[in-house]
Amino acid sequence: MKYTIMGFNQTKLCEYGLDTNDAMILRWLVDFASTGKMKKTVEDKEIYYLVSYEAVIKEFPVMGINTVKAIANRFEKYVNCGLLKKIVKRGGMFNGAAVCFCLTSLLTDMMYDSTDIAEKKAIAEAQKNVSSVKKSDSNQTSYRKSEKSDSNLDSYRKKENPDSNQTSYRSEADFLSTGTEVPVALNNQSINSSRNSSSSSEKKDLLTKALNYFVDVHFFSEDFVPKLLQKLDEFNIPPEDYKGFAQYAYDKAQKSTKDKSKLMAYMYASCADNFFLAGFLDNKKIKDEYKANNYMDCPVCGTNHLKFEYCPTCELKNPKSQAEVYFRKAIFKLPQKNKTDLQNDLDTLFNKYTYEEKLKKRSQYLADQEAVYQKYCPISHEDYKEIFGA
């Protein structure tokens, strides 16, 4: 008997009373969800995907199913089998009543069965990766030399592994070459001893949340997040960078995979790779340098924004002007009601003058505006002229 149908364990399909049409529909749902393009909502910390029965009919004319009811009945069958969970949403981002489904662990069990062909494929893929590592050994050596200049990696090697110049990728590759399943974490006590703190579960939750923003981690094996978390710790990537890492991984997968149905597979295979993590650090370093050279913290409200542009929060235009900094701080510290009243008065004045009148009667308009500001934030006429060019 053929082991899988559309990537699902055929034995389990038979146990649930599902046929090839069901396998095609479930495969469509899994692949479509992995692209990140399906509308989704979160209920009780679980992701539910919007399913259009009409779209399923259009996708599979070969099935010969032409009615929405027939497709709906099949999805109800999946719910009854425990493969999916169902909710109906109304309003908000959805038009009318929207039927949404959450993929359960029973469905992933049919895809990630480690007892037969799935395990063989995983081992074969691991051995393939090892062979590519050996072929490019000279390139890796030169890359490691360049890595030593990076402060993050260098500090890690000195602190965590002072007796070895090899990265953990080398030892892990050697481990994979034996054909043995990769462990959740390498048994390196010098690394793990400092990681097994009470915050490890919090970091795991943060990483899972960051990844779930782009893909559904529910489809990955259970050791994926712990293993990736260990690698992030090894490269000294802090929790505040997890979302940036997930964004980097997703963008990289989008560019590297022509077939979007394989996007999740790419992320699963690449995220914990040493070269991938080093690439993220290089990319982050470039972004940090750009941000340091082109962004500033507003001296009034602390908002980080592009230099030479007014602050989007407090509207400070010239941070070098002491008069404007003092004036904007005074407005920023006003009670919320006063801020609202000030903005309403300014809007009323703005609408009082037409565009042509603002040009022809500029002096009068600026004088009226100054009078409005004087009600809420007293300012000298000289400072007002400096700030607004009156």
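Among all residue pairs at least 6 apart or on different chains, which show Cβ distances below 7 Å where the first residue, located in the range 103-116, is at pLDDT below 75 and the second is surrounded by 14 or more Cβ atoms within 10 Å (Cβ to Cβ) and small (Gly, Ala, Ser)?
What qualifies is 112/118; 112/221.
Among the residues of the range 289-300, are any farther than 26 Å from residue 34 by Cα, among the β-branched types (Val, Ile, Thr) and in contact with a helix residue (DSSP H, G or I) (Cβ under 8 Å, 6 or more places away or on another chain)?
yes
Counting only residues that are closer than 24 Å to residue 37 by Cα, modelled with pLDDT of 80 or more and aromatic (Phe, Trp, Tyr), give me the helices (runs of 4 or more DSSP H) lying completely in the range 186-285 with at least 2 of them.
Of the helices (runs of 4 or more DSSP H) lying wholly inside the range 186-285, those with at least 2 residues that are closer than 24 Å to residue 37 by Cα, modelled with pLDDT of 80 or more and aromatic (Phe, Trp, Tyr) span 242-256, 263-270.
Would you pick out the residues in the range 265-279 that are among the hydrophobic types (A, V, I, L, M, F, W, C) and closer than 20 Å to residue 217 by Cα?
Within the range 265-279, 265, 267, 269, 271, 272, 276, 277 qualify.
Looking at (1) in contact with a Leu (Cβ under 9 Å, 6 or more places away or on another chain); (2) within 28 Å of residue 210 (Cβ to Cβ); (3) modelled with pLDDT of 90 or more; (4) assigned to a helix (DSSP H, G or I), which one does residue 28 not meet, given that it meets all the others?
The failed condition is (1).
Name the helices (runs of 4 or more DSSP H) wholly inside the range 312-390 in which the number of residues that are farther than 22 Å from residue 301 by Cβ, aliphatic (A, V, I, L, M) and free of Cβ contacts under 8 Å to residues at least 12 places away in the same chain is 1 or more.
Helices (runs of 4 or more DSSP H) meeting the threshold: 355-360, 362-376.
Considering only the range 72-93, I want to know if a residue exists there that is of a type in the set (S, T, N, Q), at pLDDT below 90, farther than 25 Å from residue 221 by Cβ and out of contact with any Gly (no Cβ under 9 Å at 6 or more places or on another chain).
no
Name the single residue that is nearest to residue 7 (Cα to Cα) among those in the range 30-46 being in contact with a strand residue (DSSP E or B) (Cβ under 7 Å, 6 or more places away or on another chain) and either not assigned by TED's automatic domain parsing to the domain that holds residue 99 or not β-branched (Val, Ile, Thr) (or both).
It comes out as 33.
The values are calculated or read from the model by the stated rules, or taken from the named source; none is laboratory data. For clarity, every value in this text was computed on a predicted model and none was experimentally measured. Positions of Cβ are backbone-derived with ideal geometry, glycine not excepted, and every protein chain shown enters the neighbour counts.
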